[in-house]
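Here is the structure we will look at, set down as structure tokens.
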Amino acid sequence: MLRKLMTPKNLLIVAFMVLILCSNDMYAQLGLPNDGEVLDEPEAPIDGFISIALAVGAYFGVKKLRKS
């Protein structure tokens, strides 16, 4: 029964879910001197789409490795 659950498709789904659930919000800009008093530039968020892009890239990488 465990072999049925450990198929590559199921493992990929679990890895994707872990990536989505464990993603954190980060900001691309570092702290600025003078307490960061810059009012003309908004912070640039790095959101959950990075983890989705990594998961898609991993999927295509594994697919390519299995093909050759």
Pairs, first closer than 22 Å to ASP47 by Cβ and aromatic (Phe, Trp, Tyr) in region 9-24, second in a helix (DSSP H, G or I) and open to solvent by less than 90 Å² (accessible area, probe 1.4 Å), C-beta under 8 Å, six or more apart: PHE16/ALA55
Please list, ordered by residue number, the helices (runs of 4 or more DSSP H) wholly in the chain having 1 or more residues that are modelled with pLDDT under 80 and surrounded by 11 or more Cβ atoms within 10 Å (Cβ to Cβ). none
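The values are calculated or read from the model by the stated rules, or taken from the named source; none is laboratory data. A quick note: this is a predicted structure, and the numbers were derived from the prediction, not measured. In this analysis, Cβ positions are derived from the backbone assuming ideal geometry, glycine residues included, and neighbour counts consider all displayed protein chains. All accessible areas refer to the heavy atoms of the entire protein, side chains included, with ligands and DNA or RNA removed. Shrake-Rupley method; radii C 1.70, N 1.55, O 1.52, S 1.80 Å.
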